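A.B. asks: Once you've had a glance at the structure underneath, I'll fire off some questions.
A short reminder: the numbers here are calculations on the coordinates, not readings from a lab. No experiment lies behind these values; they were computed from the predicted model shown. Cβ: placed from backbone, ideal geometry, glycine included. Neighbour counts: every protein chain shown.
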Amino acid sequence: MKDDNCIFCKIANGEIPSSTIYEDEDFRVILDLGPASRGHALILPKNHYQDVCALDDSVAAKALPLAAKIGAAMKKALGCSGFNVVQNNGRSAGQTVFHFHVHIIPRYDGGPEMVSWKPGEPTKEELSETAELIRNEL
Ligand code: AMP
Ligand code: ZN
C-alpha cells in the first residue's frame, strides 16, 4: 500500500529525512518545508491514499484526534492561540501532493489572514436546490 513514486510515502516511511514531530504505526507528522506559519505541520499516513475519499476508515478515525493532539501541543510549545486543520482534495482545492495529508497551521494573535473566503449570498431556493443535489448522491 505504498506508492514507489510518491514523495510522501517515502517521507512517511522514513526513506527521506524530515523534521518529524510525532510517529506511530499509522502516521508520521512532519514540519512543512513551506510553512504558512511557524510550526505548520503535516499529518501523513504511512500507507498511500490519494485523498480523503480513498482513506481507510480506521486511519480516518485516528486522523482528527491526532490533529487535536498536535494542535494542543503547538499551543503549549509555540504560544499560538489557535490552529487551522486544513485538508485539500483535488487540484482545484489546492492539493499538490496526491498522498492524503492534513495540515495543522498554528495561528498567532496579530498574524496574517489565511484560510478565508468571501461569503456568497445564495437565495433560499439556491440553497435548497444545492442541498437536494448533494443529498441525492449520498
Ligand atoms: P497540499 O497543497 O495540500 O497538497 O500540500 C502540500 C504541502 O506539502 C505544501 O504545504 C508543501 O509546502 C508541502 N511539502 C511538499 N513537499 C514537502 C517535503 N518534501 N517536505 C515537507 N513538506 C513538503
Ligand atoms: Zn504516497
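A.B. asks: Return one quarter of the surface area of the convex hull spanned by the alpha-carbon atoms of segment 41-83, equal to its mean projected area, in nm². Working shown, then result.
C.D. replies: Working: hull surface 13.4 nm².
Quarter of the Cα hull surface area: 3.4 nm².
A.B. asks: Taking 7 Å along the Cα-to-C-beta vector as the label spot, tell me the T123-I7 distance in nanometres, rounded to one decimal.
C.D. replies: 4.7 nm
A.B. asks: With only Lys, Arg, Asp and Glu charged, each at its Cβ (+1 for the first two, -1 for the last two), find how big the charge dipole of the chain is about the Cα centre; round to the nearest 20 debye. Working shown, then result.
C.D. replies: Details: 14 positive and 19 negative charges, 131 e Å.
I would put it at about 620 debye.
A.B. asks: Right, something else. Select from G79, G94, P112 the residue farthest towards the positive end of the dipole of segment 69-132; place +1 on Cβ of Lys and Arg, -1 on Cβ of Asp and Glu, and compute about the Cα centre.
C.D. replies: It is G79, whose Cα lies furthest towards the positive end.
A.B. asks: Can you tell me the orientation of helix 124-135 relative to the chain, as the angle in degrees between its alpha-carbon axis and the longest Cα principal axis, to the nearest 10?
C.D. replies: 50 degrees
A.B. asks: Which angle from 0 to 90°, rounded to the nearest 10, does the C-alpha axis of helix 57-78 make with the longest principal axis of the chain?
C.D. replies: 70 degrees
A.B. asks: Kirkwood Rh over Cα pairs of segment 7-135 into Stokes-Einstein at 20 °C, 1.002 mPa s: D in µm²/s?
C.D. replies: Numbers: Rh = 16.2 Å.
After rounding, the answer is 132 µm²/s.
A.B. asks: Please give every one of the lysines within straight-line cross-link reach of K2, meaning a C-alpha to C-alpha distance under 27 Å, and leave out same-chain neighbours fewer than 8 residues apart.
C.D. replies: Partners within reach: K10, K46, K62, K69.
A.B. asks: Can I ask one more? Give the distance, in whole Å, between the Cα centre of segment 74-138 and the Cα centre of segment 26-59.
C.D. replies: Cα centroid to Cα centroid, the span is 15 Å.
A.B. asks: Let me ask something else. Normalised by the residues of segment 7-135, what does the relative contact order come to in percent, with Cα pairs under 8 Å and at least six apart? Could you put the intermediate results ahead of the total?
C.D. replies: Details: 171 pairs, mean separation 29.6, N = 129.
It comes to 23 percent, rounded to a whole number.
A.B. asks: Taking 2.2 N^0.38 Å as the expected size of a compact globular protein, what ratio does the Cα radius of gyration of segment 53-120 give against it, to two decimals? Before the final figure, lay out each step's value.
C.D. replies: Numbers: Rg = 13.8 Å, N = 68, 2.2 N^0.38 = 10.9 Å.
That works out to 1.27 for segment 53-120.
A.B. asks: How much net charge surrounds K62 when only the other residues with a Cβ under 11 Å from the Cβ of K62 are counted, with Lys and Arg +1 and Asp and Glu -1?
C.D. replies: Details: positive: K69; negative: D24, E25, D26, D56, D57.
Once all neighbours under 11 Å are counted, the net charge is -4.
A.B. asks: Given only helices, namely DSSP H runs of n ≥ 4 each adding -39500 (n - 2.57), what is the per-residue ellipticity at 222 nm of the chain, to the nearest 500 deg cm²/dmol?
C.D. replies: Details: 3 runs with 40 residues, N = 138.
The helix contribution divided over the chain gives -9000 deg cm²/dmol.
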